[in-house]
Amino acid sequence: MANMELVELGRTGVMLPEIGLGTWKYGGGPEPLRRGIQLGAFLIDTAEMYRTEDAVGHAVRPIREQVFIATKVLGSHLRRSQVLRAAEGSLRQLGVDVIDLYQIHWPDPNVPIKETMGALEELVDRKLVRYIGVSNFSISEMQAAQAALRHSPIVSNQVLYNLRWREIEHDLLPYCQQHGVTVLAYTPLNDGELAGTGQRGRRRPGQGGPKDPALAVLAQVAAETGKTQAQVTLNWCTAHPRVIAIPKSDSVARTEENCGASGWRLTASQMQRLNEAFAAPAAP
């Protein structure tokens, strides 16, 4: 099975799998998560908003020490008292003593960032949280958040990233790479579209139709490598330094497939062809 490659979390020295396990709209029970962990995908990402923290907790209870758990506080719960209350709720739902990575789900300009980051650092000081991350933050928002912290680094930023949605390549991804911030790529299979599962995914105008040439290139590369389209798509994602992909799967078979995206690399030529194919809008 997968020979999982590892990526450093920020500059912490903590090494995480380049393929993690997402749980937005997760309904697969404990087995897909446990199988992913067996295959080396021991990073599980959940959130207060997902209402899957209890399912994650149930899945990992017998093997807590083998798992790195990331969760998020709602972007509408960023006052100090709300952050502390949310963290306690997440700990209770997960059934754990400490959250490995606690992330702000999205920024709220109406709450002073110093208040929010102060609460997060308080959780670190109380040893209820190990590391602090953010999600859906711009560069300027990351800079403001980091400036508000006294002694803790922001180790990660969780953002939308896949072959279809590549805006972070312009500035956010290079910034994170330069400053030692790990990017957690959510929706890396574009809601299944890039896995060839027939789901619509997030579409741009003129893209994703039955004659989309970009998808034809993806299928070509998959045939060349002897891998599935999902595995090629995830491998493309994690070929970028400091990027971890966190696909969601409700089945053991899909989880095994996703984990098989690690332990090998697309060639430079294949990367270039994919980059070029998905750079321009597809013909209508």
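Descriptive notes on the structure:
- Residue in the range 259-268 that is charged (D, E, K, R), surrounded by fewer than 16 Cβ atoms within 10 Å (Cβ to Cβ), under 20 Å from V183 (Cβ atoms) and modelled with pLDDT of 95 or more present: yes
- The range 57-82, residues that are farther than 15 Å from L43 by Cα, touching an Asp or Glu at 6+ places or on another chain (Cβ under 7 Å) and of a type in the set (S, T, Y): S76
- Residue check for V83: farther than 21 Å from S251 by Cβ, under 15 Å from the mean Cα position of the chain (by Cα) and buried (at least 19 other Cβ atoms within 10 Å of the Cβ): no
- Condition met for G192 (at pLDDT below 95, buried (at least 16 other Cβ atoms within 10 Å of the Cβ) and under 30 Å from A70 (Cα atoms)): yes
- Of all residues in the range 39-74, those that are part of a loop (DSSP other than H, G, I, E, B) and either touching a Ser or Thr at 6+ places or on another chain (Cβ under 6 Å) or farther than 21 Å from N3 by Cα (or both) total 8.
- Residues located in the range 226-250, provided they are in contact (Cβ under 8 Å) with a residue 60 or more places away in the chain and not in a helix (DSSP H, G or I): H240, P241, R242, V243, I244, A245, I246, P247, K248, S249, D250
- Qualifying residue in the range 146-157 (condition: modelled with pLDDT of 95 or more, out of contact with any helix residue (DSSP H, G or I) (no Cβ under 8 Å at 6 or more places or on another chain) and surrounded by fewer than 17 Cβ atoms within 10 Å (Cβ to Cβ)): yes
- Residues of the range 110-140 that turn out to be under 19 Å from the mean Cα position of the chain (by Cα) and in a helix (DSSP H, G or I), as a count: 1
- Cross-chain or 6+ apart pairs with Cβ under 8 Å, the range 114-134 first and among the basic types (K, R), then in a loop (DSSP other than H, G, I, E, B): K114/A148; K127/V98; R130/V98
- Among the candidates A253, A223, A268, residue that is more than 17 Å from the chain's Cα centre (by Cα), under 23 Å from L172 (Cα atoms) and without any contact (Cβ under 8 Å) to a residue 24 or more places away in the chain: A268
- With respect to the conditions (1) within 21 Å of the chain's Cα centre (by Cα); (2) part of a helix (DSSP H, G or I); (3) surrounded by 16 or more Cβ atoms within 10 Å (Cβ to Cβ), R273 falls short on a single one, namely (1).
- Being at pLDDT 95 or above, in a helix (DSSP H, G or I) and surrounded by fewer than 16 Cβ atoms within 10 Å (Cβ to Cβ) is a property that S90 lacks.
- Restricted to the range 208-223, and to residues there that are assigned to a loop (DSSP other than H, G, I, E, B) and surrounded by fewer than 18 Cβ atoms within 10 Å (Cβ to Cβ), the residue that is modelled with the highest pLDDT is K211.
- Conditions (1) over 14 Å from the mean Cα position of the chain (by Cα); (2) surrounded by 17 or more Cβ atoms within 10 Å (Cβ to Cβ): number failed by R61: (2)
- Residue match in the range 4-21 (condition: at positive phi, in contact (Cβ under 8 Å) with a residue 60 or more places away in the chain and not aliphatic (A, V, I, L, M)): yes
The values are calculated or read from the model by the stated rules, or taken from the named source; none is laboratory data. It should be emphasised that the depicted structure is a prediction, and the values quoted were computed from it without experimental measurement. Ideal geometry is used to build each Cβ from the backbone, glycine not excepted, and the neighbour counts take in all protein chains shown.
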